[in-house]
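The values are calculated or read from the model by the stated rules, or taken from the named source; none is laboratory data. Because the structure is predicted, anything quoted here is derived from the model rather than measured. Virtual Cβ from ideal backbone geometry, glycine too; neighbours counted across all protein chains shown. Only protein heavy atoms, including side chains, enter the accessible area calculation; ligands, DNA and RNA are left aside. Shrake-Rupley method; radii C 1.70, N 1.55, O 1.52, S 1.80 Å.
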Amino acid sequence: MIRSFTAFILSISFCPIFADITQNCDKKNICSFIETENEETSVYLQAKNLIPGTHITVYTSIEGSNIETEPQSPISFVLNDSEKKKVLTFKKKENMEAPTSIAVLAVAYYGDLSAKHDETYVYTLPYEGKSWISVGYNSGEEHKGGGAYSLDFVLPEGTPLLAARDGIVVETEDKFTEGRRDPKLIDKANRIVIEHSDGTVAIYGHLKSKGVFVKPGEKVIAGQKIGLSGDTGFSTGPHLHFEVYKPEENRKKKSFATLFKTESEEKEYLSEENAYWTPDGKAPPGFPITNLEEFCISHSIPDPDKVASCPGKLQTKKKFYLSIPIYKSGPYTFKAEFISLKTKKASFTFQEKIPGGINFEAWEIQPVLSAGMYKIKFYIEEKEIGERSLQILP
């Protein structure tokens, strides 16, 4: 989990309403000013170190009794350069006593309030290799409301992360080392924040310590290696939180569903409990539901997190295990037909239902085969996906 709407409070300042100049800046040098000239008191905003080509949206609220503002606050403003910008004025209400002080609250968010997401853009998968989506759109604790279109990719710690789209890095964080399901760690995840050409912003969250390879102001291109996946912040395990959003009024945000080019060579929206990987031109037997080349038949109890030893030879009168990876969520009907090369007939047929929501399945099979050579034909949904040789030793 990560607070993906990156924000920082600029100032909460109390001052006399007719002060000459009051200035408050945050650690990123985004400042608010209150200035009085010719009996008009105004609020100015300035992003002194704004990276060229990027935007900061600043939610501004003026609080105090007996005053009115023009335009009416609260209201958000977009800063797209480093110049000081007059955003509103305020004055005492007619026939009211002059206030003794006012408060200015300014909260800044990366991205452009008026951004229009390019719905036709096809994103690059933000990692090397293959990954399952553990939490998809409109799911989990955090993928609701403004963050509804977030994706959590399950990735071993240290997996190379890639820029999903061209952009400019606007923020990085790489000082955190802890990760667990603890509310105290919600704002303590290492991250990379990148603004795109349409004013939207992508966040890559939960990176490992020392796992950030880019710096603010750097231009990146889709597919460029930008960091390493990790497990920092409020997290239930190693994964990448990915989200594209834009700021909205009233300190809110809007996230966007994003198209990706996947192993299917098509552009598609990604969904929970499915695996996706970069197109590599390969279509192994069982593609894309599974990969026959990764099926394992062994006497050892299978462990999905370890490389199994699959000798292709078994002992008679000993139970064995058949295990397979599942890349696209089911349910599916799976069948394995064991055909004796001696009799040319099926000696044993195994059929089971693969439930939805899993990425690995294994079955324990009792010793029903006699010694000899066998050909195993495999089927998914009654479609043959390939075969494998097996020898049962005396």
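Selection among THR124, SER347, VAL107 by position relative to the dipole of the chain gives SER347 as farthest towards the positive end (Cβ unit charges, Cα centre). Put simply, the amide H of VAL170, placed in the peptide plane, has neighbours under 5 Å in VAL193, ILE194, GLU195, GLY217, leaving out anything fewer than 5 places away on its chain.
Each Cα pair under 8 Å and six or more residues apart adds its sequence gap; the mean of these over the residue count of the chain is a relative contact order of 13 percent.
Take the Cα of GLN315, step 7 Å toward its Cβ, do the same at ASP81, and the gap between the two points is 8.1 nm.
Accessible surface computed residue by residue for the chain, with neighbouring protein chains in place and a 1.4 Å probe, gives 48 Å² per residue. Mean projection of the Cα convex hull over all viewing directions, computed for segment 24-149: 11.9 nm². Using the Cβ-Cβ distance between MET373 and ASP166 with R0 set to 56 Å, the FRET efficiency works out to roughly 0.50.
Using Stokes-Einstein with the Kirkwood hydrodynamic radius over Cα pairs, what translational diffusion coefficient do you get for segment 166-312 at 25 °C and a viscosity of 0.890 mPa s, in µm²/s rounded to a whole number?
After rounding, the answer is 136 µm²/s.
The Cα-based radius of gyration and maximum Cα-Cα distance (Dmax) for segment 292-392 are 13.2, 39 Å.
Potential lengthening of the chain between LYS353 and ARG180 amounts to 58.8 nm, from the contour at 0.36 nm per residue minus the alpha-carbon distance.
Under conditions of 25 °C and 0.890 mPa s, the chain yields 100 µm² s⁻¹ as its translational diffusion coefficient, taking Rh as the Kirkwood radius over Cα pairs in the Stokes-Einstein equation.
Spatially, segment 336-382 and segment 151-166 are offset by 36 Å when compared through their Cα centroids.
Once the Cα-Cα distance is subtracted from the 0.36 nm per residue extended length, the LYS335 to GLU381 segment shows a gain of 15.7 nm. The share of accessible area on the chain that comes from carbon and sulfur is 48 percent, using a 1.4 angstrom probe. Taking 29 Å as the limit for the C-alpha separation, the pairs LYS27/LYS267; LYS144/LYS188; LYS328/LYS377; LYS93/LYS254 exceed it in the case of LYS27/LYS267; LYS93/LYS254. Taking the Cα centre of segment 72-163 as reference, the dipole from Cβ charges on Lys and Arg (+1) and Asp and Glu (-1) amounts to some 560 debye. Comparing mean-square fluctuations of ASP231, ASP305, ASP152 from a GNM of the chain with C-alpha springs under 10 Å, the top value falls on ASP305. The slack between PHE360 and GLN224, meaning 0.36 nm per residue of separation minus the straight C-alpha distance, is 45.9 nm. Here the dipole of the chain is about 1920 debye; that uses its Cα centre as origin and unit charges on the Cβ of Lys and Arg (positive) and Asp and Glu (negative). Taking 7 Å steps out from each Cα toward its Cβ at GLU128 and LYS92 produces label points 6.8 nm apart.
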